[in-house]
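*Asks:* Please see the structure below; I have some questions.
The values are calculated or read from the model by the stated rules, or taken from the named source; none is laboratory data. The shown structure was predicted, so the numbers you read here are calculated from the model rather than taken from an experiment. Ideal geometry is used to build each Cβ from the backbone, glycine not excepted, and the neighbour counts take in all protein chains shown. With ligands, DNA and RNA removed, areas are computed over all heavy atoms of the protein, side chains included. Shrake-Rupley method; radii C 1.70, N 1.55, O 1.52, S 1.80 Å.
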Amino acid sequence: MSTERIQLTPEVIDALSNLPNFVQDNKISIKGMDFVLKKAVKPGYKAVVWKVSDEYGRLRAAKFAIYEDYVDRSYLSELSYAAKLENYDEFATFIAADLVDLVLGDLGQKRFVCFIEKWIDGYTLEDYLEQRAEH
């Protein structure tokens, strides 16, 4: 039995990486909070992350993840895992999460799970693991 890996298509990655073209006033709203899009960060197979700021100018990360990964399990279950890491400065603190529907031009409406976390300057997990593998 072969199961195909669910991942973003190159077209969706491109659209999410150019999100200001598809949202009003360069903002997204998650759980009633507005976040201003600043800069797209390196996309992954399952998500595109944006550096955003909240209404007070605090930097946050907005991760737009594949909705289909959460059809059989709640995205809220990830929050309990994230809560266990809150005492470690190396890990981002969770702020909010919600489902978001975006109209991405010719691609039409797509649903994502958007996780908002505290912005942490540093490496992506993928980059960190690649560096560790080289040693």
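*Asks:* For residue 35, state whether it is modelled with pLDDT of 90 or more and farther than 27 Å from residue 5 by Cα. Outline the logic, then answer.
*Replies:* Numbers: modelled with pLDDT of 90 or more: yes; farther than 27 Å from residue 5 by Cα: yes.
So residue 35 fits the description; yes.
*Asks:* Restricting attention to the stretch 64-87, does a residue exist that is under 13 Å from residue 118 (Cα atoms) and modelled with pLDDT of 95 or more?
*Replies:* no
*Asks:* Okay, moving on. Got a sec? Which of 35, 22, 64 is among the aromatic types (Phe, Trp, Tyr), farther than 16 Å from residue 104 by Cβ and surrounded by 13 or more Cβ atoms within 10 Å (Cβ to Cβ)?
*Replies:* 35
Results for (1) open to solvent by less than 30 Å² (accessible area, probe 1.4 Å); (2) without any contact (Cβ under 8 Å) to a residue 40 or more places away in the chain; (3) touching a helix residue (DSSP H, G or I) at 6+ places or on another chain (Cβ under 8 Å), shown as yes or no for each residue.
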| position | (1), (2), (3) |
| --- | --- |
| 28 | yes, no, yes |
| 39 | no, yes, no |
| 50 | yes, yes, yes |
| 76 | no, yes, no |
